[in-house]
Ligand SMILES: C[S@@+](CC[C@H](N)C(=O)[O-])C[C@H]1O[C@@H](n2cnc3c(N)ncnc32)[C@H](O)[C@@H]1O
């Protein structure tokens, strides 16, 4: 049979309308839910030729929400059937499609905002700073989903996620078939610790310190990520200069990265007092001009991620780390840092 019956066609149209509206308003969780619903309730039983436009849109939606596992399965069906024009007798999905984050996990993660602060909490007033990650789960999730999709990783890779926090990025990458190890400090905020436990992240407790090698995990990695970096003495007098970054990058080069390894670094623009660092009238996203000058050749623009984050996103390869670390850009310079706020808080 080429065409789906009218009744289920109308039902799918209604779900697709909801999914489209979720996509247009950036409601990632709702989008994943409706896309999986359509696949499990209709395409699991039988796929018809008339389902082509639905499946084509579903692939785009799954890509948007970093559900590349489901994206790949649908794409494979379109390729094997030449866009549903051949081999479609008894065609259906072999397994149920999963959302990247199940509804149960969403609820468990949200309820972490009620954990009482402890001595390890990073306090913001009376509140644990990371309670906002739980209360506004979706905003923090989307940021990591965009980072993952933007990386366009083709095959299953070994990934090391440094300063994993909740573990959203690690979870998304693991869900999509990569092997992910994560690092965070033993005295991380209790909310972060519980979240990474709920997400079953393969986490190693280790505190990164200036000029101390990273924990030896007895394996090498294809990709090292560090998002919204805090381990560099962010917002403190201990903020790393190029010498400390040089040590860290050379350690990654010598001990952590595979031959074709890549490092993705996203610096942190969030300050406890929400004041930007302004030097000579210019906002210095990385906190020190010398550091910004060093990383300048490695900044990238990645489509789909926030404009602000794009100003702080550096990608280095195993090959160029060594070259970069031996240029005189690493000569230490000192700057006078003054913080001020513009009219719009920037
Ligand atoms: C702002 S959060 C970012 C979390 C996550 N990467 C994200 O983007 O959603 C910073 C993380 O770095 C961790 N961290 C801070 N200092 C660290 C250190 N010296 N060594 C290891 N992890 C550290 C914190 O515990 C926290 O999980």
Checklist outcome for this item: Of the residues in the stretch 285-304, those that are at negative phi, buried (at least 19 other Cβ atoms within 10 Å of the Cβ) and assigned to a loop (DSSP other than H, G, I, E, B) come to 286, 288
Item to check | Single residue of 218, 237, 209 found to be in a loop (DSSP other than H, G, I, E, B), within 12 Å of the ligand (Cβ to nearest atom) and without any contact (Cβ under 8 Å) to a residue 24 or more places away in the chain | outcome: 209
Checklist entry - Has the stretch 248-265 got any residue that is more than 8 Å from the ligand (Cβ to nearest atom), crowded, with 16+ Cβ neighbours inside 10 Å and within 13 Å of the chain's Cα centre (by Cα)? => result yes
Checklist entry - If you take the residues in the stretch 156-170 that are in contact with a helix residue (DSSP H, G or I) (Cβ under 9 Å, 6 or more places away or on another chain) and under 13 Å from residue 224 (Cβ atoms), which one is farthest from the ligand (Cβ to nearest atom)? => result 157
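One line per residue, one yes/no per condition, for (1) surrounded by 18 or more Cβ atoms within 10 Å (Cβ to Cβ); (2) within 16 Å of the ligand (Cβ to nearest atom):
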site	(1), (2)
85	no, no
88	yes, no
107	no, no
114	no, no
133	yes, yes
140	yes, yes
145	yes, yes
Item to check | From 173, 226, 195, 188, residue being under 24 Å from residue 317 (Cβ atoms), assigned by TED's automatic domain parsing to the domain that holds residue 305, crowded, with 18+ Cβ neighbours inside 10 Å and near the ligand (Cβ under 10 Å from one of its atoms) | outcome: 226
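The values are calculated or read from the model by the stated rules, or taken from the named source; none is laboratory data. This one's a predicted model, so the numbers in the text were calculated from it and none came from an experiment. FYI the Cβ positions are ideal-geometry reconstructions off the backbone, even for glycines, and counts take in every protein chain you see.
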